[in-house]
2 protein chains.
Amino acid sequence: MPSRPSLVQIAERVGVSPATVSRAFNRPELLNDATRERILATARQLGFRPSKVGSSLRSGSTRTLGLLLPTMSNPVFAACFEGAEERALKAGYSVMLATTGYDARREREAARSLLDHRVEGMILTVADPARSATLAELAASGVPFVLAYNESDRHPFVSVDNFAAAGDMVEQLVASGHRRLAMISGPLDASDRASKRLDGVLDRAARLDLPAPTHVSMPRHTAADRDRLRSLLSSPRPPSALFCSNDLLAASVIAELATLGLRVPDDLSVCGFDGMAFGALMVPSLASVHQPSSEIGSQACHELLKALAGGSSRSVRLPHRLSGGGTVARLAVD
Amino acid sequence: MPSRPSLVQIAERVGVSPATVSRAFNRPELLNDATRERILATARQLGFRPSKVGSSLRSGSTRTLGLLLPTMSNPVFAACFEGAEERALKAGYSVMLATTGYDARREREAARSLLDHRVEGMILTVADPARSATLAELAASGVPFVLAYNESDRHPFVSVDNFAAAGDMVEQLVASGHRRLAMISGPLDASDRASKRLDGVLDRAARLDLPAPTHVSMPRHTAADRDRLRSLLSSPRPPSALFCSNDLLAASVIAELATLGLRVPDDLSVCGFDGMAFGALMVPSLASVHQPSSEIGSQACHELLKALAGGSSRSVRLPHRLSGGGTVARLAVD
DNA sequence: TGCAACGATGAAAACGTTTGCAGTCTGTTC
DNA sequence: GAACAGACTGCAAACGTTTTCATCGTTGCA
C-alpha cells in the first residue's frame, strides 16, 4: 500500500513541473492535449488525486460548509440536512455535520471545531438566537452563517412563520369543533420555535374567544411524560385537542394516551407541528403543520452561498401548510 | 471584520517565535507559565484559533473521518451516524458526512470527495459489498474503512446477523400461529441486507415446514406499491403475516393496507426489521427485529479507530433482538 | 527580416502549521 | 570556578498545493 503520491511525484514521473500537473486538474484547457493526457494517465495509474488540504491552504478556501443541528434522530433535521447537502454539492461544496443534542456546551464546542476546520460558512439551528453564545462567537468570527428553523431580527434565517402557523392550526381545530385546547411542548428555553408556536396558539385562541389554552411543558422535546399528561387530562374541564409543538412529541403523546386507554381521535384529538414524512404513514395519519424541511435546508444553503459569492443573505420565510390528518376528530357542535 | 489572524501574527504581536505559539496550544507544559498566558490572552483577544488546514498539512493528519450512508431520512442511518459521531468526537475526530441516496454514481463521487479531503478513515454502507466499485477504489486507496450494516468476508464490518435475525422473526411469527408468510422488500440488488433477510426467511420457513413464503419486491426501499400489495393479497391463499425488510417499508405497508380497508393486526399481521425508535410509538407498536443502530455506528467507529491507531479492524456482529409489537396478531391454531 | 502575439511550460513564493535541533540562560554540583 | 543539567525558546525546513511572472519557441503579419 503506497502512501498517497503527491502532485510533485506525479510531476517527476511525467517529467513536467508541479505547476503543469496542477493545471492538468484545474485549468486543463491551458495545456497541450498530449501533456494533459500523459499527466492524467499517470495520475490515474498511481491513484493520485490532488489533496484538498494542500489546495485549501494555498488558495485559502476549503470549499466546505458547516452544519450544526440539534439531532439527526428528528427527521425534520435529517431532511434539512439532506436539502442543504444536495444544494451544497451542486455548488461544489462539501459538508461537515455536527450535532448538538440540544446542549449549549456541545453546541459551542462543535461550532469552534467547525471554525477550526475553516468551514467557509455555517448553517445552524440554535436554542434561542437572542441568547446564544455560539451565535455571538460565530458573528464575531466573521464567518457567514444562516439560521435554519430559528427566527431572528439580527441574523439571516430560513424558517416558516411559527407564530402564524401555530395560529392557523388553532383555527383548523376550531373549524373541527374544538374549543378547549392544550399546547404541549418540550422545555421552552431550549427552543424558540416552541415558544413562538405557543405564543401563536394563545394569540389566536384569544382572538377567537376560546378559553385560554393550557400549556404543559414536558421534560424532553420529543417524549411525553406520562404523569404530566394524566394530570392535564384529569383537570376539571379537560381539553378535547392536544396541540404538540412537534411531530415526534405528538407521536409520543398518542402512544402514551394509548397506554392510558385513550384512543385518538375517538377519545381525544392530537396534532403536531413539522409535517414529518412519517406522520403520513401513521394510522390514523398525524394532523400537523407542515414545514418544508428539505427546502429549509436547501434555501438556507442557497442564502449562505449567496453570501459566499460576495452578496448577502436575506431572511426567508417559507410557506407552511396544514396537513389534515386522522388524529383530529370532527366534533359535533356543542 | 478582520481576516482571521495566523499563528505568525500572534507570534509577532506577543514577541515570540511561531514555534512558541504553536506550543502554547499543543504542548503547553513546555512553556513558561507567563509566556503561555501572554500568548493565550492575545490569541483570545484577537480571536485566534490554530487552523486545522495548516496543521493537517504539516502533520499529515486531518483528524477527520468520512461517513458515507444511503440517506438520513431513514432513522436507522441517522442513529448510526449519531453513534459514530459521538465515538469520533470522543477520540478527537471530526466527521464529514455524505449521503448516496442509494445511488452508485453518487456513492462513488462522494467517496472520492471524502478521500480528496483526506479523511483518515471511512465508515460506509454500500448496496452490495461484493460488487461495489466504490469499495474496490477505497481498498486500493489504502484508507482504512469499516462497513456498517453490510456483511462481507473480505472487509471488516459491523452489523447484526441478518440471516439469523430474519429467521428468528419467522420463528416468532410461527409461535403466534402464522404459517403463510410473505416477505416484502425493496429492490434486492440495491441491498444485500434485504437479500440476506429474505434468505433467512426462506431458510427458516423450510426448516419449520411452512409453505414457501412469497416474496414481493417493491420499486422503492421504503414505500409500498399499492398494486403489488393488492395482487399479493388477492392470491388464492394469501399470507396472514407480512414481513417487511425494513421498518419504514412496514409502516408504509400498514398505511397502504389501511387505505385498502384492511386493519393491522385484526385483518393482517405486519412486522418490520430495524427496530427504529419510532416503531415503538406507533399504535399499535410495530413488531420488528431490533438492530442496535447507534451501537453499529459507534462500534464501526471504534473498529476504525483501532485501525488508525495501528491495529486492525475486526468484523463484529452485534446481537439483534425481537421486539414484539401490536402489529402481529396471535392467531388461534388452525 | 523583424516584431508582436500567442501557446505552452517552468521557477519560485506563499499559504499556516509542526518539530528536530540547536541555542541561551539559570542554577547546581564538585 | 568549571562543567553540566535543565528549562525555555528560536531557527528553519517541510507538508501539497496554486499562481504570478518569466521564459522559450512558433506563428502571423507588415
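Among the residues of the stretch A:50-70, is any in the same structural domain as residue A:127 (by TED's automatic domain parsing), surrounded by 17 or more Cβ atoms within 10 Å (Cβ to Cβ) and more than 23 Å from residue B:56 (Cα to Cα)?
Yes, because at least one residue in the stretch A:50-70 is in the same structural domain as residue A:127 (by TED's automatic domain parsing), surrounded by 17 or more Cβ atoms within 10 Å (Cβ to Cβ) and more than 23 Å from residue B:56 (Cα to Cα).
In the stretch B:36-54, which residues are more than 9 Å from chain A (Cβ to nearest Cβ) and within 12 Å of DNA strand C (Cβ to nearest atom)?
B:39, B:43, B:46, B:48
Give the residues of the stretch A:199-231 that are farther than 26 Å from residue B:277 by Cα and either hydrophobic (A, V, I, L, M, F, W, C) or surrounded by 20 or more Cβ atoms within 10 Å (Cβ to Cβ) (or both), sorted by residue number.
A:200, A:201, A:202, A:204, A:205, A:206, A:208, A:210, A:212, A:213
If I go through the stretch B:161-176 residue by residue, how many of them are closer than 20 Å to residue B:235 by Cβ and assigned to a loop (DSSP other than H, G, I, E, B)?
Residues in the stretch B:161-176 being closer than 20 Å to residue B:235 by Cβ and assigned to a loop (DSSP other than H, G, I, E, B): 0 in total.
Tell me which strands (runs of 3 or more DSSP E) are completely within the stretch B:246-325 and hold 1 or more residues being crowded, with 24+ Cβ neighbours inside 10 Å and on the phi > 0 side of the Ramachandran plot, or say none if there are none.
B:269-274
If I go through the stretch B:1-20 residue by residue, how many of them are assigned to a helix (DSSP H, G or I) and either near DNA strand D (Cβ under 8 Å from one of its atoms) or surrounded by fewer than 18 Cβ atoms within 10 Å (Cβ to Cβ) (or both)?
Number of matching residues: 8.
Could you check residue B:18 against (1) away from chain A (no Cβ under 11 Å); (2) out of contact with any helix residue (DSSP H, G or I) (no Cβ under 7 Å at 6 or more places or on another chain); (3) under 26 Å from residue A:55 (Cα atoms) and say which number it fails?
Checking residue B:18 against (1) away from chain A (no Cβ under 11 Å); (2) out of contact with any helix residue (DSSP H, G or I) (no Cβ under 7 Å at 6 or more places or on another chain); (3) under 26 Å from residue A:55 (Cα atoms), the one that fails is (2).
Looking at (1) of a type in the set (Gly, Ala, Ser); (2) facing another protein chain (nearest Cβ under 7 Å); (3) farther than 23 Å from residue B:312 by Cβ, which one does residue B:140 not meet, given that it meets all the others?
Every condition holds for residue B:140 apart from (3).
Kindly establish whether residue B:53 is assigned to a loop (DSSP other than H, G, I, E, B), out of contact with any strand residue (DSSP E or B) (no Cβ under 8 Å at 6 or more places or on another chain) and either hydrophobic (A, V, I, L, M, F, W, C) or closer than 30 Å to residue B:292 by Cα (or both). Let's see the steps before the verdict.
Values: assigned to a loop (DSSP other than H, G, I, E, B): no; out of contact with any strand residue (DSSP E or B) (no Cβ under 8 Å at 6 or more places or on another chain): yes; either hydrophobic (A, V, I, L, M, F, W, C) or closer than 30 Å to residue B:292 by Cα (or both): yes.
So residue B:53 fails the test.
Looking at the stretch A:35-70 only, could you name the residues that are of a type outside the set (A, V, I, L, M, F, W, C), under 23 Å from residue A:127 (Cβ atoms) and touching a Phe, Trp or Tyr at 6+ places or on another chain (Cβ under 6 Å)?
The answer is A:70, and nothing else.
Here is a list of conditions, (1) within 12 Å of chain B (Cβ to nearest Cβ); (2) in a loop (DSSP other than H, G, I, E, B); (3) among the small types (Gly, Ala, Ser), and residue A:152 meets all of them except one; can you say which number that is?
For residue A:152, the exception is condition (1).
Restricting attention to the stretch B:279-299, report how many residues are among the β-branched types (Val, Ile, Thr) and more than 8 Å from chain A (Cβ to nearest Cβ).
Number satisfying all stated conditions: 2.
Does residue A:57 satisfy the criteria of being without any contact (Cβ under 8 Å) to a residue 12 or more places away in the chain and touching a helix residue (DSSP H, G or I) at 6+ places or on another chain (Cβ under 8 Å)?
yes
Pick from A:129, A:50, A:70, A:144: which is more than 17 Å from residue A:158 (Cα to Cα) and out of contact with any Cys (no Cβ under 8 Å at 6 or more places or on another chain)?
A:50
In the stretch B:245-265, which residues are within 12 Å of chain A (Cβ to nearest Cβ), touching a residue at least 40 places away in the same chain (Cβ under 8 Å) and of a type outside the set (A, V, I, L, M)?
Answer for the stretch B:245-265, where residues must be within 12 Å of chain A (Cβ to nearest Cβ), touching a residue at least 40 places away in the same chain (Cβ under 8 Å) and of a type outside the set (A, V, I, L, M): B:247, B:265.
Go through the residues of the stretch B:230-244 one by one and say whether even a single one is free of Cβ contacts under 8 Å to residues at least 40 places away in the same chain and within 14 Å of chain A (Cβ to nearest Cβ).
Among the residues of the stretch B:230-244, not one is free of Cβ contacts under 8 Å to residues at least 40 places away in the same chain and within 14 Å of chain A (Cβ to nearest Cβ), which makes the answer no.
Going through the stretch B:23-40 one residue at a time, which ones are under 25 Å from residue B:92 (Cβ atoms), part of a helix (DSSP H, G or I) and more than 8 Å from DNA strand D (Cβ to nearest atom)?
B:24, B:25, B:26, B:28, B:37, B:39, B:40
Could you list, in sequence order, the residues of the stretch B:41-50 that are part of a loop (DSSP other than H, G, I, E, B) and free of Cβ contacts under 8 Å to residues at least 12 places away in the same chain? It would help to see each step written out before you state the result.
Narrowing the stretch B:41-50 to residues part of a loop (DSSP other than H, G, I, E, B): B:47-50.
Hit for the stretch B:41-50 is B:49, nothing else.
Are any residues in the stretch B:55-106 within 16 Å of DNA strand C (Cβ to nearest atom) and within 7 Å of chain A (Cβ to nearest Cβ), and if so, which ones?
From the stretch B:55-106, those within 16 Å of DNA strand C (Cβ to nearest atom) are B:55-64, B:92-94; that's our starting set.
The answer is B:56, B:57, B:62, B:94.
The values are calculated or read from the model by the stated rules, or taken from the named source; none is laboratory data. This one's a predicted model, so the numbers in the text were calculated from it and none came from an experiment. Note that each Cβ is placed from the backbone with ideal geometry, even for glycine, and that neighbours are counted across all protein chains shown.
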